[in-house]
Structure formats: structure tokens, C-alpha cells
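Okay, here's the structure, questions in a sec.
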Amino acid sequence: MKKRTKATFFLALTIFSLTGQIAWVVENMYFNVFIYKMFGASAAEISLMVSASAIAATVTTLLIGALSDKIGKRKIFICGGYILWGISILAFCLVRIDVIEGLFPSVVSAASVGVTLTILLDCIMTFFGSSANDAAFNAWLTDSTDSTNRGKAEGINAMMPLVAILAVFGGFMGFDLDKSESWTTIFLIIGGVMVLIGILGFFLIQDPCVKVEENKSYFKNIFYGFRPKVIGQNKTLYLHLLGFALFGISIQIFMPYLILYYTESLHMENYVLIMAPAVILASVFTALWGRVYDKIGFRKSVCPSLAMLGAGYVILIFFQSVIPVFLGSLLMMCGYLSGMAVFGAVIRDHTPEHRAGMFQGLRIVAQVLIPGLIGPIIGSAVLKNADKVLNNDGTESFIPNENIFLAALAAATVLAIYLLIQFRVLRRKK
């Protein structure tokens, strides 16, 4: 890359990765809080929302990823998608008890309707978000990097979820999340920012040169990555994708309930102040760990990530006071994000050239669909007999407990065993 082009690329990477992750953090971590506090959603309903969103993200990424390859353009999908993503977030301003009762005066339970509307709108928002971010942005990132700088770029990309968490945690500190007016303001701010960033992208993003194969059928391209012949030609890629899926299952067991665990189980109303230092330290560590991957490769960089993740789980299982929870959360976040970085980088390294769009759907199957279906179901199952609290309106809400981390640790152990077997198999082939 030329110096100016390189600077522009990393600026675009930082801006679009960060804003995209802010939107995903709100969806993945705060929509659960939203329907829990506004509509009294159960663990099963939260699990349903996460699973429905995972399915929507996967189908969307398969369709749009292949379409962006067919057209040979990424920019229009990224920028247009971010604008529509923002508009869909703005629509959540209308998901309120008073609005629902005004539109459906004869409805028996406005809360039930609120949960349903949230799940439906979440799927719509996921369609636009996955089109812009999962399919087009990630294909653009793969096209715009190579083996010399992919770890560095992926380190920046992988640290953004934590930076986004920090931004969202800090931004949400001034809001009373028990009031619908607070959520309306939040959706207005985030939706408006997404629209503005989408417009900015038309001036900032440079489309990479993507080879278009005119004779290839779009519908065949959608399922390109699932063909037995393609799997046989890219066995290492698929082995890493399976490992990534196991990693994601471990994360999704606890992630939908993490904030509720801090606030409802540990009663840490000031959890933002406790978590902010952990998020900052983990973000810096993740950015550096991407460079480590460039130097030592996947095998040597994924093991420390998994070890930190497991150590964080163990501390969170056995301790509930402030300092141990901080240390456990720090290790868990370092392991989580650095693991995302190394898995993301190795998958990009093994993605066939000029077919990045077609393989984004496959990546989302491993990163989102499988974890999004299996993880929350496990989390919901371990919380089935969790303690409950009586709300002011007479309904009951569950209280997440440390069993979510115990189940996540079990999934991480399965991943560790799988990686040991994978490394031995690959070593024998060499």
C-alpha cells in the first residue's frame, strides 16, 4: 500500500469496525437488558432472540456476500448497509409499552407484544447490519490485506468489540435503563451515528480490486463454500472454522446474560466503573496480540488466548467480590478478544483469493449461527432453575448465576481437546 492509501485504509477500518461493533454490542448485550427490563422477558425468550438473530445474520451474509462477489463491489454494500442499519435502529424508538397500548388497545399483554416486536425488529436490524458488516465489510478487509499485515489489521478489528463495550458502558452510565425514555434516547443517538458513518463511507472507503467471474451463477455462489469439492480443497480452513464455532459456543453461553449477572446477581450497579479498566487493558492486549500472530502463527498464539479465557471463567465461577470479578473479567475478555483475533486472522489467511464474499457466509455459520443457536440454549438450560425475583407488577424475573461460566468452561475444554487433536493431525500430514 502507498503511505496515504495505507493511512486511509486503517482510518476506514477503525471507524467502520468501531461503529459496527457499537451497534452489535447494543444488540448482543443490551437488547437482552432492554426486553428484560421493559417487558420482563424470560431466559427462554432471550435465547430465542439470540438464535433468531443468528439465523438472520447467517442467511443474510450468505446472500449478500455472494452478491458482492458477483458484482465485484464492497463499498456500496458497506455504506448503504450502514445507513439502513441506522434507520432500523431508530425504529426501536417506537417499541414502548405506551406506543403498543396506543396502537393495540385491546391487546391482553403489551409486554408480550413488546418482546415479539423486539425479536422481529432485531432480525430486520440484523439483516442490514450483516449485509454491511458481516458480509461486505469483512470481505473488504480480507481483500485489502495480505499475509504481511493481516494479523495487525485483525488485531485492530478484534479489539473493537471491547472498545465498543467501553464506549457503550460509558455512554449508558448517564441513563436509567428502567425508563423507556432512556432507551428512546439511546436508539436515537446510535441510529443517527450509524446513518452519518454510512454517508461518510462514500468518501472514505476505497473499493479493492475484486476479480469478477462472469460465468459463475449467483445462486451457485451462495452455496459455494458448502460443496464437498471445495471442502476437500480447503480442509485446513474448515478445521479452523469448526474450532471457531466451538470457541463461539463457549462465549455465547454466558454473553447474553453477562450484564444481567453483574447487575442482578452481583448487585454491581457501578459495574461500568469496575469493568472500564478491564476493557481498556484487554483492548490494548488484543491489538498487540494481532502482531504476535503475524510473528508466531496460529498454533502458538491461540493456546495462551484459550488459557486466559479458561482462567477467567474459573475465577468468575468461584468468586463474587469486586477485585476477583475484575480480574476474572479481565482474563476472560483478554482471552475472548485475542482468540477472536487469531481465529479471524487464520481464517482470512486460508480464504481462497477473490472469493472472500462467498466465504463470509461460511465464516458467519461458524462465528454466529452455530454459537448463536447452541450457546444460548445451553445458557438457558443451566439457568432453568435459577433464583427468581418478584417484580413490582407481580411478574417474576430470573437471576443469572455463575453456572453460565461453568458451562462456558466446559465448552472451552472441548475446544482445547479439539485443537490438540487438530494440531497432531496437521503435524502428521506435514
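Only the coordinates and a few stated rules stand behind these numbers; no lab work does. None of the values given here were measured: they were computed from a predicted structure. Don't worry about glycine lacking a Cβ; one is built from the backbone with ideal geometry, like all the others, and counts go over all protein chains shown.
Please arrange S180, S283 by counting, for each residue, the other beta carbons lying within 10 Å of its beta carbon, fewest first.
Listed from fewest to most nearby Cβ atoms, that is S180, S283.
For a test of the definition: using alpha carbon positions, the gyration tensor, and the 1.5 limit on a/c, classify region 61-143 as rounded, prolate or oblate.
Here region 61-143 falls in the prolate category.
Could you tell me which trypsin sites (Lys or Arg not before Pro) in region 152-259 are loop residues by DSSP with no more than 11 other beta carbons within 10 angstrom of their beta carbon? Write out the running numbers ahead of the final one.
Working: sites: K152, K179, K211, K216, K220, K229, K235; in loops: K179, K211, K216.
Here the sparse-neighbourhood loop sites are K211.
Can you give the calculated 222 nm mean residue ellipticity of the chain, where each DSSP H run of n ≥ 4 adds -39,500 (n - 2.57) and the sum is split over every residue, rounded to the nearest 500 deg cm²/dmol?
-25000 deg cm²/dmol
Shape verdict for region 165-271, please, from the Cα gyration tensor: rounded (a/c under 1.5), prolate (a/b greater than b/c) or oblate.
Since a/c reaches 1.5 but b/c is at least a/b, the shape of region 165-271 is classed as oblate.
Return the whole-Å distance between the Cα centroid of region 266-282 and the Cα centroid of region 67-146.
Region 266-282 and region 67-146 have Cα centres separated by 28 Å.
Bin by bin, in steps of 20 Å, what percent of the Cα pairs in the chain do you find, going until the bin that has the longest distance?
26, 60, 14, 0
Also: Please identify the longest segment of the chain free of exposed GluC sites (Glu not before Pro), where exposed means a DSSP state other than H, G, I, E or B and no more than 13 other Cβ atoms within 10 Å.
Values: sites that count: E213, E214, E269, E353.
Answer - 1-212.
Which ³J(HN,Hα) values in Hz, rounded to whole numbers, follow from the phi angles of region 265-274 under the Karplus curve 6.51 cos²θ - 1.76 cosθ + 1.60, where θ = phi - 60° and Gly and Pro get x?
These are the phi-based 3J(HN,Hα) values: 8, 8, 6, 8, 5, 9, 4, 4, 5, 6 Hz.
Past the 23 Å Cα-Cα mark, which pairs from K73/K235; K6/K73; K75/K235; K235/K300; K6/K295; K73/K220?
K73/K235; K75/K235
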